[in-house]
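For reference, the structure discussed in these notes is given below.
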Amino acid sequence: MSASRRLLATALVATAALGLAACGPDDSSDQGAGSGSGTATAAPTAAAPTTAAPAGTGKPAAPGGTAKPAPSGTPGASGEPEEGFCTHGPLPAGQKWIYPGKGTTAATLVYKDTKDVCGVNDVGFDPVGADKTAAFAPTAKGHLSSVLAPPKDVNVADLVKHINECIANPHNEKGSYPCSTGDYKVAIDASGKVTELWERAHS
């Protein structure tokens, strides 16, 4: 082989070697970029759960908000607010809840005013203050209530008899109209006379 041919072959081999060497780093550099963009892609993927986490945390927050009844202290209240068991509903003018007392006769009602107290199934009433008196109007009506029988209309004499029996024996449960816990609703007219009296039924 002539010297010129040898030089040409050597040059070609050297050029090819340089070309291969140049390809190697370029490929690895491209792969680095590829793996770098793979990392970049992985980053959003990793970020996706982070975005999902607030949504996930948002869901438990809803039950927490709905759990308002729990602090209210009225288990089994079936969605009603605590006020439903601690405050009685509004009454018509001239009516109020009272607690009959000793000395009630067919002519005069002796009673105490009441204050609302929280009850398990319904609002309760506790007697407060000094005894008050109100005369029965000549046309006064009475109503006995029971969970065992329909409400019963009675005259004042029968109503007063029932009241006095229950004052003497508060736990009397004889008959269809057992004693209540003393809760009565009274209607008093403008002249201060009792026109109607309702006993509240208790289970």
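Within the range 109-121, the set of residues being surrounded by 14 or more Cβ atoms within 10 Å (Cβ to Cβ) and either at pLDDT below 90 or not charged (D, E, K, R) (or both) comprises LEU109, VAL110, TYR111, THR114, CYS118. Tell me which residues, restricted to the range 140-177, are within 22 Å of GLY192 (Cβ to Cβ) and among the aliphatic types (A, V, I, L, M). Listed by number, the residues that qualify are ALA140, VAL156, ALA157, LEU159, VAL160, ILE163.
The values are calculated or read from the model by the stated rules, or taken from the named source; none is laboratory data. Because the structure is a prediction, the values reported are computed rather than measured. Methodologically, a virtual Cβ is constructed for each residue, glycine included, from the backbone with ideal geometry; neighbour enumeration extends over all protein chains shown.
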